1. Looking only at region 1-14, which residues are surrounded by 12 or more Cβ atoms within 10 Å (Cβ to Cβ) and either in contact (Cβ under 8 Å) with a residue 24 or more places away in the chain or in a helix (DSSP H, G or I) (or both)?
2. Let me spell it out: the conditions are (1) more than 17 Å from residue 131 (Cα to Cα); (2) touching a residue at least 12 places away in the same chain (Cβ under 8 Å), and residue 62 meets all of them except one. Which number is the exception?
3. Scan region 150-162 for residues that are open to solvent by 70 Å² or more (accessible area, probe 1.4 Å), touching a residue at least 12 places away in the same chain (Cβ under 8 Å) and farther than 16 Å from residue 130 by Cβ and report the count.
4. Being among the basic types (Lys, Arg) and more than 22 Å from residue 115 (Cβ to Cβ) is true for just one of 68, 19. Which residue is that?
5. Does any residue of region 113-125 turn out to be open to solvent by 60 Å² or more (accessible area, probe 1.4 Å), in a helix (DSSP H, G or I) and either touching a Leu at 6+ places or on another chain (Cβ under 6 Å) or under 13 Å from residue 72 (Cα atoms) (or both)?
6. Against the conditions (1) on the phi < 0 side of the Ramachandran plot; (2) free of Cβ contacts under 8 Å to residues at least 40 places away in the same chain; (3) of a type outside the set (A, V, I, L, M), where does residue 147 fall short? Just the number, please.
Amino acid sequence: SQVQKEDPAIDLNYIKSLRVTADHCGFYPRDVQIPRMVKNGMIISCDSMFVNRSAPWLDVYGKDKANRIAPIADMIKGGLMTTAEAELSDVETGTSETLHAQLSHLISRTNDRGEKIAPQEGVDRNTLMKMSTTWASHYVIKEKEIGSLEPGKYADFVVFNKDYFSVPEGEIGSVYPVMTVLGGKTIVLRDEYSKESGMPATGPQMKWKYKTEFDFGAPVKAEGAL
């Protein structure tokens, strides 16, 4: 490039050292961009809600462009580290969608209108968990401190109300934390889990909103303990 001609110090190793990232995945990256992003050591963060937001634009760009909306399977296959991104609202009021209610769109590739958007770009739940934890720690350049439970890292973890890895796929959106620990300190302990654990409840008691695969197109349910 012209910049490298003007300053030879800006070589590929320098570009990789910048840990460049990109966000959202609305209609990108295109397949020809993925190898270039990998070569430059980039990491990308994909917003699950673009399965909702970008889908109406297929009427403009063409239905054949659906695989450009958060093409996660292609990115991972191409060697591009990909992380998960969500847009949780109403947190301040004590109500919000569960994180997995949004992220599960990346598994089902079904939006809130019940439309399947490039299902071949879906991922399994194990991959989605990596996108939310170990890979996400690289995105924020904190892989030595967070992202997994091992000696030398912060004792950050959550206890879920259900087994994320064994519930039916259509119920992943109803999985939420009943206990949140940061640096070894309990920040949130939900009332329903306090009774089971014998520890006092602490922190905000959210009234989670969620959908299952059978509720797409229907009003969002608002529940406390699911």
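1. 4, 14
2. So residue 62 meets the others, but not (2).
3. Here the count works out to 1.
4. It is 19.
5. Scanning region 113-125, I find at least one residue that is open to solvent by 60 Å² or more (accessible area, probe 1.4 Å), in a helix (DSSP H, G or I) and either touching a Leu at 6+ places or on another chain (Cβ under 6 Å) or under 13 Å from residue 72 (Cα atoms) (or both), so the answer is yes.
6. In the conditions (1) on the phi < 0 side of the Ramachandran plot; (2) free of Cβ contacts under 8 Å to residues at least 40 places away in the same chain; (3) of a type outside the set (A, V, I, L, M), residue 147 misses (1) alone.
Residue-wise test of (1) within 29 Å of residue 104 (Cβ to Cβ); (2) open to solvent by 20 Å² or more (accessible area, probe 1.4 Å); (3) not in a loop (DSSP other than H, G, I, E, B).
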site: 16; (1), (2), (3): no, yes, yes
site: 19; (1), (2), (3): yes, yes, no
site: 23; (1), (2), (3): yes, yes, yes
site: 29; (1), (2), (3): yes, no, no
site: 38; (1), (2), (3): yes, yes, yes
site: 46; (1), (2), (3): yes, no, yes
site: 51; (1), (2), (3): yes, no, yes
site: 56; (1), (2), (3): yes, yes, yes
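The values are calculated or read from the model by the stated rules, or taken from the named source; none is laboratory data. Because the structure is predicted, anything quoted here is derived from the model rather than measured. Heads up, the Cβs are rebuilt from the backbone with ideal geometry, glycines too, and the neighbour counts pull from every protein chain shown. The area values use the complete protein model at the heavy-atom level, side chains included, leaving out ligands, DNA and RNA. Shrake-Rupley method; radii C 1.70, N 1.55, O 1.52, S 1.80 Å.
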